[in-house]
Amino acid sequence: MTLEFVLRIVVAAILGGVIGMEREYREKAAGFRTHFLVALGSALFMIISVHGFTDALISENHRLDVARVAAQVVTGIGFIGAGAIVLQKNVVHGLTTAAGVWVTAAIGLACGSGMYVLAAVATILVLIGLEAFNYFLKNFSKKE
């Protein structure tokens, strides 16, 4: 089981790192290291949530709520993301960075749950969304 857990955090770190490389390429504040660590940490929290407390069960009458830690990751990352959002001269900055870190945490949670395909598809969709927007933005601004 330990190898499976290692695989989960490695996949999460790689997928988070891929998103982080795109953000790093765009010279955004939250780049490779931030996304790498958020995905890795989220996966680790999910593994701990699901498998780390099995010894705490005293009898079959007790149930663990494995979603509690995941819910706290969502809340905590939302709090961190809120700190990345800045309003300057009536223009919002950092919203995409905050959303990127938030979805990277979700990808890490998916990897921690063993949902590799879902996490990989989400990563691809994030990259498509980030790159497609830049492509259309460049083409739109050239036409004017």
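The values are calculated or read from the model by the stated rules, or taken from the named source; none is laboratory data. All values derive from a computational prediction rather than experimental measurement. Here the Cβ positions follow ideal geometry from the backbone for every residue, glycine too, while neighbour counts run over all protein chains shown. The area values use the complete protein model at the heavy-atom level, side chains included, leaving out ligands, DNA and RNA. Shrake-Rupley method; radii C 1.70, N 1.55, O 1.52, S 1.80 Å.
Structural remarks
- Residue-level accessible surface for GLU22, protein heavy atoms, 1.4 Å, Å²: 10 Å²
- Spin-label model, LEU3/THR75: points 7 Å from Cα along the beta carbon direction are separated by 3.8 nm.
- R0 of 41 Å, Cβ-Cβ distance THR54-LEU137: FRET efficiency to nearest 0.05: 0.25
- Working value for the chain: equivalent-ellipsoid semi-axes of 34, 17, 11 Å, each the square root of 5 times a Cα gyration tensor eigenvalue, largest first.
- Net charge over other residues, Cβ less than 13 angstrom from the Cβ of LEU40 (K, R count +1; D, E count -1): +2
- Potential lengthening of the chain between MET21 and LEU125 amounts to 36.0 nm, from the contour at 0.36 nm per residue minus the alpha-carbon distance.
- Highest to lowest packing among 91-101, 39-49, 62-72, scored as the average C-beta count within 10 Å: 39-49, 91-101, 62-72
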